[in-house]
Structure formats: structure tokens, C-alpha cells
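Reading through the C-alpha cells given below for one structure.
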Amino acid sequence: MASSASEEALQASLPKKLKENEGALVSDPGNSGSVAGSADSIDLLKISTSGSSNSNVVKTSNGVSSNDDDDMSIEDDDGDDDNEYDYDDNDDNDGFLYDDDDYMTLQSHFDNVNLPPGVEAPLPWLNDPSPSENLASTKTLTISDLPPCSSTVPSESSSSTKPADSIDDCIIQNSQQFKQFDIVEDFSDHHYSRMGFSDEQPPKSWAKRIQEEWKILEKDLPDTIFVRVYEARMELLRAVIIGPPGTPYHDGLFVFDCLFPTNYPKSPPMVYYYSGGLRLNPNLYECGKVCLSLLGTWSGKQNENWVPGQSTMLQVLVSIQALILNADPFFNEPGYDTTYVGAEGQKRSRSYNEEVFILSLKTMMYTLRRPPKYFEDFVLGHFRNRAHNILAACKAYTEGTLVGSVSGDAAQNGENSGSKQFKSSVARMMNMLITNFTKNGSTECEQFRIGA
């Protein structure tokens with residue numbers, strides 16, 4: 001992708017309004033005073049958002065942190081540490097763990113929700129949204145809705161005339177051919193659609209820098225990060241990150257909307273995480289906030305902070321995957337790496353990983369039911385291909401394998417890891433996953449059903 005041909009293709013697809021703006025700058029040199037970096041012309045927050053607002057920050061050793069006043073609870077009121085992360089049937093998060101017979105109830109929670117662009121439905125407690133004439137209706141994506149061999153928004157008319165096998169083949173084909181980087185058009189559902197330059201034309205120097213960022217992403221994105229940028233709004237970007245193996249996030253998909261601010265690269269990007277109302281990491285808030293030193297949402301070491309002219313969006317995305325979605329997210333909480341050491345720290349970390357894995361499974365179904373725009377084919381294909389791996393991992397965890405372990409050594413060595421509540425929760429989630437994965441087109445999933 002580093003060839004000159006790909007760069008020419010990227011250049012040819014740049015926004016028309018950018019080219020017009022360049023012409024205006026050439027014909028009127030006096031406009032050069034409005035380039036990025038001029039503090040008087042910068043308005044980073046044209047509307048309010050909870051996604052990336054700065055807050056009180058603290059230091060830890062790994063470059064990521066969460067807010068002091070939102071730390072994880074680590075002990076029960078009675079001081080008993082043994083069951084501090086055990087799943088309680090009355091826990092709010094555990095409300096998602098429906099029995100298989102309640103699948104249609106869960107489905108209705110998605111299908112009947114009307115939300116404005118860029119706003120998601122927290123689950124499972126958003127049951128009866130208030131109607132509003134200003135809300136845009138959403139549509140649940142299913143296999144039968146997909147047009148053959150198309151990566152655009154589904155069209156109902158074309159799918160009804162094609163055999164199921166043909167549709168299935170096209171889904172697999174589209175997923176396999178899904179580009180890691182691409183330029184798209186419709187930005188209406190982007191979290192930051194009303195921020196940035198909006199209807200204004202970006203300065204030439206700022207636009208040139210964003211072009212450079214696009215080229216870096218197109219050339220150097222790792223295989224597990226996928227990006228879409230917007231032709232008409234260069235400041236907007238959407239990324240989907242695959243959870244790394246060996247972590248409680250393995251095989252999951254995590255969606256982020258990003259904004260290059262109007263004074264970029266003087267200021268770092270803004271990033272919003274689509275949480276579905278779930279807190280599965282100390283650094284990923286239910287409100288969408290992402291805590292990362294590169295983003296300026298907490299104060300890390302000097303070499304961990306944003307460096308204008310050197311730091312890039314690629315660095316931000318890779319850091320989210322490596323530093324936040326890691327094997328021991330418990331220690332992302334400030335001070336835990338020094339407060340809980342040795343066997344005690346490992347015990348608490350393993351318990352937290354169990355909690356995180358349950359939330360990651362919920363996020364999988366949330367994403368499968370509501371795939372982000374322009375990633376529909378990728379999401380369907382990803383979970384179709386990974387269904388057996390996910391279910392096999394779940395089965396291993398119910399038998400005592402450590403969460404995140406891909407070899408199953410814990411179970412083979414006879415180590416009985418995992419609380420009873422965790423194993424029970426995973427078993428219930430498996431039956432729910434089997435129903436969802438089968439509906440998505442995966443085959444032979446029934447072999448994993450618990451109690452069959």
C-alpha cells in the first residue's frame with residue numbers, strides 16, 4: 001500500500017471543498033493567517049460532549065489511568081475480599097444474562113430503539129425509549145437484509161431475490177476483502193459530526209497534515225485495526241479494533257469515533273468509545289471517555305504524552321489496543337500495581353478478568369446487533385469466522401481455564417480457576433451466543449450448547 005499508485009488514488013479522492021479551498025488560498029495570500037495553530041481562530045469544543053472531556057487525572061506507571069473519583073471497588077462493605085468480583089444475580093451488569101428463551105426480548109430492546117445519530121443504546125436497561133419526532137430510527141441488521149456483494153448500507157429489495165447460499169458466500173467474500181483503510185461519505189452517525197470545522201473549510205496546512213495521517217494509516221495499520229475516514233469531513237475518523245489474543249478482550253470488536261481538532265497536531269485527537277453502557281476497562285468509561293496519556297485525558301510521563309509534530313493517530317490507535325486492552329487491565333487502575341502485589345495482586349487481577357470477559361461477551365452481541373456504519377460486512381464476517389473460537393474459549397473457561405489462556409494449560413493441569421458465579425454466567429452467555437451466532441450464519445454451534 002506504500003506504492004505511489006495508492007498515494008495517487010488517495011490524493012484523487014480528497015474532498016472537493018479542500019481543493020476549492022486551496023485555490024482560494026493561492027488567489028488570496030491574505031488568507032494564510034487562518035492556518036492551524038492560530039489560537040485566536042481555534043474553537044475545539046463547538047458543542048459539548050462527554051466522550052473526551054479532560055478531567056482530574058492521576059499518574060500510573062503504564063501510561064493509562066482512570067479518574068480518582070471513579071475507581072473500581074475492590075472490597076465489599078463487610079471487608080470480605082474473597083467474593084469481591086463474583087457475579088451477583090442482582091448485579092446491574094448481569095441483567096444482560098438472559099436465558100435462551102428470552103432471546104426475542106433482548107432482540108426487541110435493539111429493534112425498537114429510536115436514537116439520534118451518534119447516540120447508542122445502553123443495555124439492557126433502555127427498554128422503553130421516549131418517542132421524539134427529532135429521533136432518527138435505527139434498523140437491526142440481519143443476514144437476510146444484506147444485498148449480495150455490497151459493503152454499503154443494506155437494501156431490502158435485492159436480498160429477497162437471492163438464494164441464501166449466495167448471500168452467505170457474498171458475506172464471506174466481503175469480509176475477506178474488507179479494506180483496513182478506506183474513505184467513505186456519510187458521516188451523519190459519527191459522534192463528533194457536529195464538531196470540528198462542520199460547514200467551514202479547513203485551512204490548507206491543516207488539511208495537508210491530515211492527508212499525511214491518512215497515508216500513515218493506509219500504509220502501517222496492523223492487521224487487527226480497521227479505519228474509515230470521511231471525504232467531506234476530513235477531521236472525522238472511525239476505528240474498529242480487534243481485542244488482542246491472550247487478554248480477556250480476545251476476539252471482541254471495539255468501536256471508536258475520533259476527531260482531529262481544528263488546531264491539530266498542536267492538540268491531540270479526541271476519541272469516543274462506543275461502550276453500550278458497559279464499563280469493561282478502567283480506562284474506557286460508560287460515557288465513552290477514553291483515558292490515555294496521548295489524548296491528554298490524564299498526565300503520564302513526558303515520553304507518554306502527545307508530542308506535536310511527532311505523535312500520530314496511528315500511535316493513538318495502537319496504544320489503545322496495547323495499553324488499554326491488555327492482559328491485566330486490573331492494574332490500569334492507578335496505584336494497584338504497587339498496592340496489590342504478588343499472589344494477592346494476581347488473585348484480584350484474575351477475578352477482574354472474569355468480570356471483564358463477561359462484559360466483553362455482552363459487547364460482542366451489542367456490536368453484532370448494531371454494527372457500526374460501513375463496518376457491517378466486517379462485523380458479520382468476523383463473528384461468523386470466530387464463532388467456534390469464542391464458544392470453545394467459553395467452554396474452556398467453564399472448565400477452569402484461566403481467562404485469556406489460549407492453550408488451556410490451566411484446565412489440563414487440573415487447576416480449578418474461576419468462581420462458580422463466573423462459570424455459571426459464562427454458561428448462560430454461551431447459549432445466548434449460540435443463538436446469535438447461528439442467526440448470523442455460523443454452523444455447528446449447537447455442539448457447544450450447555451445442557452443440550
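The values are calculated or read from the model by the stated rules, or taken from the named source; none is laboratory data. On a predicted model such as this, the values are computed, not experimentally measured, just so you know. Cβ atoms come from the backbone with ideal geometry, glycine included; neighbour counts cover every protein chain shown. For accessibility, only protein heavy atoms count, side chains too; no ligands or nucleic acids. Shrake-Rupley method; radii C 1.70, N 1.55, O 1.52, S 1.80 Å.
In region 266-289, of all residues being surrounded by fewer than 24 Cβ atoms within 10 Å (Cβ to Cβ) and of a type in the set (A, V, I, L, M, F, W, C), the one that is nearest to Arg350 (Cα to Cα) corresponds to Leu278.
Across region 213-233, the number of residues qualifying as aliphatic (A, V, I, L, M), out of contact with any strand residue (DSSP E or B) (no Cβ under 8 Å at 6 or more places or on another chain) and modelled with pLDDT of 95 or more comes to 1.
Can we say Val318 is open to solvent by less than 20 Å² (accessible area, probe 1.4 Å), among the β-branched types (Val, Ile, Thr), at pLDDT 95 or above and farther than 19 Å from Leu361 by Cα? Steps first, please.
On the way: open to solvent by less than 20 Å² (accessible area, probe 1.4 Å): no; among the β-branched types (Val, Ile, Thr): yes; at pLDDT 95 or above: yes; farther than 19 Å from Leu361 by Cα: yes.
No; evaluated as a whole, the condition is false for this residue.
Pairing residues of region 257-275 that are farther than 18 Å from Trp298 by Cβ and of a type in the set (A, V, I, L, M, F, W, C) with residues that are open to solvent by less than 20 Å² (accessible area, probe 1.4 Å) and outside any loop (DSSP other than H, G, I, E, B), at Cβ distances under 7 Å and at least 6 apart in sequence or on separate chains, gives Leu259/Leu236; Phe260/Ile210.
Tell me, please, whether a residue that is at pLDDT below 95, open to solvent by 40 Å² or more (accessible area, probe 1.4 Å), more than 24 Å from Ala322 (Cα to Cα) and not in a loop (DSSP other than H, G, I, E, B) can be found in region 187-194. Checked against the condition, which is being at pLDDT below 95, open to solvent by 40 Å² or more (accessible area, probe 1.4 Å), more than 24 Å from Ala322 (Cα to Cα) and not in a loop (DSSP other than H, G, I, E, B), region 187-194 yields no hits at all.
Go through Phe357, Phe331, Phe383, Phe375 for me and flag whichever is under 30 Å from Gln173 (Cβ atoms), surrounded by 23 or more Cβ atoms within 10 Å (Cβ to Cβ) and within 21 Å of the chain's Cα centre (by Cα). Spell out how you get there, then give the answer.
Numbers: Phe357 fails: under 30 Å from Gln173 (Cβ atoms); Phe331 fails: under 30 Å from Gln173 (Cβ atoms); Phe375 fails: surrounded by 23 or more Cβ atoms within 10 Å (Cβ to Cβ).
Answer to the selection: Phe383.
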